[in-house]
Every structure is written in structure tokens, then in C-alpha cells.
Amino acid sequence: MMQSPLFRIRDLLRDGESLSAAEIAQRLDLPQDLVDAGLQHWQRRGMITRVQTLVQAQVSGSSCQSACAGACAACVRPQLPASVGTRYRWRARATAA
């Protein structure tokens, strides 16, 4: 019997990794709207934390053939603006002392 999408999301986040909704949908092979609804459910219950991250856009491909690692004038490209990404993390329960 297949496990409920809510519990699949829970189990994935319980592994300790913070993931975006798109990453969760891809890993679990679930529709994005179903993942969004599941994340909203766990957030209302106080079981997950939303983490805002700054994501710097990258420019791929270089015409430079030297081994400069992107530092020479041929490789310098304008930086694309950064965007804010939302990731989700399962809250660790406090243990009684």
C-alpha cells in the first residue's frame, strides 16, 4: 500500500535536509500543488520551518580557454540578480532533560 503524500513529505523532511517545494515534488514524483498543500498542512501544525535563502543566479558557459577559473577579462560576466528561495526543514523536537 502506498503511503499518503503527507507522510511521504514528512519522512523526506525528517531526514534533516532543507528542501524547496520543487525539490520535494521532484524527489517524491508528486504534483507541485499537492506538495504545496502538504507543506501548508505541516506548517500550520508547526512541524516545519520555512527558511528563506539567497540564491545567486549563475551564468554558464565560457569562451575562455585558459585555466583562470573565471578570473580573466574574457570570463568576467555581469552577475545576474540574486533571488530569494524558500526551503523547508522539519523541526527537531526538544528533548526533556
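The values are calculated or read from the model by the stated rules, or taken from the named source; none is laboratory data. Model, not experiment: these values are computed from the prediction. Quick reminder, even Gly has a Cβ in these numbers, built from the backbone with ideal geometry, and neighbours come from all protein chains shown.
Quick check on residue 25: is it among the aliphatic types (A, V, I, L, M) and modelled with pLDDT under 60?
No.
Can you pull out the residues in the stretch 1-27 that are hydrophobic (A, V, I, L, M, F, W, C) and buried (at least 16 other Cβ atoms within 10 Å of the Cβ)?
Matches in the stretch 1-27: 9, 12, 13, 19, 21, 24, 25.
Residues that are of a type in the set (Phe, Trp, Tyr), part of a helix (DSSP H, G or I), surrounded by 13 or more Cβ atoms within 10 Å (Cβ to Cβ) and at pLDDT 80 or above: does the stretch 81-88 have at least one?
Checking the stretch 81-88: not a single residue is of a type in the set (Phe, Trp, Tyr), part of a helix (DSSP H, G or I), surrounded by 13 or more Cβ atoms within 10 Å (Cβ to Cβ) and at pLDDT 80 or above.
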